[in-house]
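Participant: One structure, pasted below without further comment.
The values are calculated or read from the model by the stated rules, or taken from the named source; none is laboratory data. What you see is a predicted model; the values in this text were computed from it and never measured. Cβ placement follows ideal geometry from the backbone for every residue including glycine, while neighbour counts extend to all protein chains displayed.
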Amino acid sequence: MASFISVANMPGAVPLTSSQALNNATLPFGLALANKGFSAVLENPHLRAGLNVHRGRLTYKAVAESLGLPFSPIEQAAA
């Protein structure tokens, strides 16, 4: 027998506050990309960790392994 848990949509309960929080958390990354382009990914460990594919190459090892495809480190894919 399966059990299911219902979780309330918390952001929906406080839409303005949750939108402001999301903006505050993501704006610095968007600005870094806008100001520096792809070099921001190479400089920022958080942007770097979020990169899965660059120029058709898988740059996230776990994704490449799960799909049985070749992995390319970011430095190799960016070269």
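Participant: May I ask you to list the residues in the stretch 41-79 that are of a type in the set (A, V, I, L, M) and under 24 Å from LEU31 (Cα atoms)?
Facilitator: Going through the stretch 41-79, the residues of a type in the set (A, V, I, L, M) turn out to be 41-42, 47, 49, 51, 53, 58, 62-64, 67, 69, 74, 77-79.
VAL41, LEU42, LEU47, ALA49, LEU51, VAL53, ILE74, ALA77, ALA78, ALA79 - these are the residues of the stretch 41-79 that are of a type in the set (A, V, I, L, M) and under 24 Å from LEU31 (Cα atoms).
Participant: Another question, then. Which one of these does SER18 not meet: (1) over 30 Å from ILE74 (Cα atoms); (2) touching a Ser or Thr at 6+ places or on another chain (Cβ under 8 Å)?
Facilitator: Exception for SER18: condition (2).
Participant: Pairs only if they're at least six apart or on different chains, beta carbon under 6 angstrom, first in the stretch 45-68 and under 14 Å from LEU33 (Cα atoms), second surrounded by 10 or more Cβ atoms within 10 Å (Cβ to Cβ) and polar (S, T, N, Q); list them, first residue then second.
Facilitator: Within 6 Å, the pairs are LEU51/THR59.
Participant: Go over the candidates LEU69, LEU42 one by one and state the one that is among the aliphatic types (A, V, I, L, M) and surrounded by fewer than 12 Cβ atoms within 10 Å (Cβ to Cβ). Break it down stepwise before answering.
Facilitator: Values: LEU42 fails: surrounded by fewer than 12 Cβ atoms within 10 Å (Cβ to Cβ).
Answer to the selection: LEU69.
Participant: Determine whether PRO28 is at pLDDT below 95, surrounded by 10 or more Cβ atoms within 10 Å (Cβ to Cβ) and at negative phi.
Facilitator: no
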